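Take a look at the structure set out below.
The values are calculated or read from the model by the stated rules, or taken from the named source; none is laboratory data. Owing to the predicted nature of the structure, the values given are computational and were not obtained by experimental measurement. Positions of Cβ are backbone-derived with ideal geometry, glycine not excepted, and every protein chain shown enters the neighbour counts.
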Amino acid sequence: MNVIVITFSRARLVGLPAAPGYLCGLMRRMINAVELFIGLRYLRAKRQTRFVSFITLISLLGIAVGVAALIVILSVMNGFEGELRDRLLSMTAHGYVSSEDRTVDDWPAISRRIGVKAGVIAAAPLIEMEGMVRTGRSLNGVLVHGIDPQAEQAVSGRTVDFVAGSLAELKPDGRNIILGQYLAIELGVKLDDGVVLLIPRPAGDGTLEPRLERFNVRGVFRAGVQDHDASLALVHLSDAARLMSLGDSVNQVRFITDDVMSAPSVSARLQAELGDRYVTSDWTIENESYFRAIRLEKMMMSLLLSLIIGVAAFNIVASLVMVVTDKTNDIAILRTLGMGPANVVRVFFIQGAVIGWLGVFVGVALGILLAFYVPVIVPVLESTFGFQVMPGDVYYVSAIPSILELEDVVIIAVAAFVLTSLATLYPARRAAGVDPAIALRYE
């Protein structure tokens, strides 16, 4: 009875265009239901086609694993990028305003103008000096920042961990200094010990002359970045201005924004407002090489892991080709009952799409779950197998961070959907090309 209905439906749709509209719609739905039924039926294995079903299962698992791995790896890379960005900006800022000769005379007015800009949280002056720091047992190169403690607290105080002391220890002309943690260890100093700063400063004839001054160690900080912890020291703005003979000038005015990604646009607006007298920049320019390297690494990891999905897609092609070969007689019978080539294409497209799309769905769900719980799963694995992925004495980041972004999930899912759908086209077209007369010649 079902065969008669299918044949009749095909005849009514193709040969009787004058049929009532509701009847034609009903027949079309029956045809679609038949295509769906046959496509799903071919997913179930008979005893003699268990190997084909095994290949199908492997294809589904391969797509799921590939999609999940892509989501997890990109989330971890996003986490490392965010961690690196936070640590790089811990003792710097999102942007700054300076001049061609690196002097800003009216910095209080500039700070006020920057502070009222939309998106700007705080602004602080800065004097940068390069020199040497000496103790009785060691001599090290050092980068010295002259800061206003109160203004600096709003800019970088939120991200710096003080092992000892605080920014409040820096007093005007107090000759106090705060050292990075590893720099203090290298120098072998502790609180209230004395160090000597040797700072070269410009002389009147265009040469450099050394300036030596003794400072007392009043604090130790940990920023979490090698460049800062091993070579950075902080002094009061007035002490730095005296060493560099800058008077009331500073080298630059730094600022932070409520959204780190908005710093380039804020910097561009300030440049347009302040004119050619001043030069503005932001963290994306100052640290461009770091983030270019991370983007390149993310791209290469994505390409490598995409090969897993590609191999799984080829498995779909192989399994569908075997199904087509196995079902050649069935296809020929369906063709003789009135099913057209387009209907056959849809039957095998449904079969391949169910495999691919189910694999993508499982992979997305698994990837999102793992990406959320990576910081929990990794410690469990470390304690179970007795190893540490990121030892604290080697890496600044002792825990693996993970930031799941919706854009990455959507792009991976859509790309996998498209790839698995395309993988069904060749087997489906091959099935549609089966000649019923040849296939049934000896039946």
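General remarks:
- Qualifying residue in the stretch 86-104 (condition: without any contact (Cβ under 8 Å) to a residue 40 or more places away in the chain and either surrounded by fewer than 22 Cβ atoms within 10 Å (Cβ to Cβ) or among the charged types (D, E, K, R) (or both)): yes
- For the stretch 215-225, the criterion of being in a loop (DSSP other than H, G, I, E, B), without any contact (Cβ under 8 Å) to a residue 24 or more places away in the chain and among the hydrophobic types (A, V, I, L, M, F, W, C) is met by no residue.
- Residue satisfying all of: in the stretch 119-157; assigned to a strand (DSSP E or B) and of a type in the set (V, I, T); farthest from the chain's Cα centre (by Cα) among these: V133
- Residue that is modelled with the highest pLDDT [pool: residues in the stretch 55-110 that are in contact with a Gly (Cβ under 9 Å, 6 or more places away or on another chain) and not in a helix (DSSP H, G or I)]: D105
- So A268, is it modelled with pLDDT of 85 or more and surrounded by fewer than 16 Cβ atoms within 10 Å (Cβ to Cβ): yes
- Checking each residue in the stretch 214-258 for being over 14 Å from I199 (Cβ atoms) and among the small types (G, A, S) picks out G219, A223, G224, A230, S231, S238, G247, S249.
- In this structure, D161 does not satisfy being surrounded by 15 or more Cβ atoms within 10 Å (Cβ to Cβ), in contact (Cβ under 8 Å) with a residue 24 or more places away in the chain and at negative phi.
- Hits in the stretch 177-214 (condition: loosely packed, with under 13 Cβ neighbours inside 10 Å, acidic (D, E) and either at positive phi or touching a residue at least 40 places away in the same chain (Cβ under 8 Å) (or both)): D192
Let's see how each residue does on (1) over 30 Å from P401 (Cα atoms); (2) of a type outside the set (A, V, I, L, M):
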site: I308; (1), (2): no, no
site: N329; (1), (2): yes, yes
site: R335; (1), (2): yes, yes
site: M339; (1), (2): yes, no
site: F361; (1), (2): no, yes
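- Within the option set L406, L370, being assigned by TED's automatic domain parsing to the domain that holds A312, exposed (fewer than 14 other Cβ atoms within 10 Å of the Cβ) and at pLDDT 85 or above holds for one residue only, L406.
- Residue match in the stretch 316-338 (condition: in contact with a Gly (Cβ under 6 Å, 6 or more places away or on another chain), at pLDDT 70 or above and not hydrophobic (A, V, I, L, M, F, W, C)): no
- On inspection, A230 qualifies as assigned to a helix (DSSP H, G or I), of a type in the set (G, A, S) and more than 24 Å from V120 (Cα to Cα).
- Tally, over the stretch 176-202, of residues that are at pLDDT 90 or above and assigned to a loop (DSSP other than H, G, I, E, B): 0
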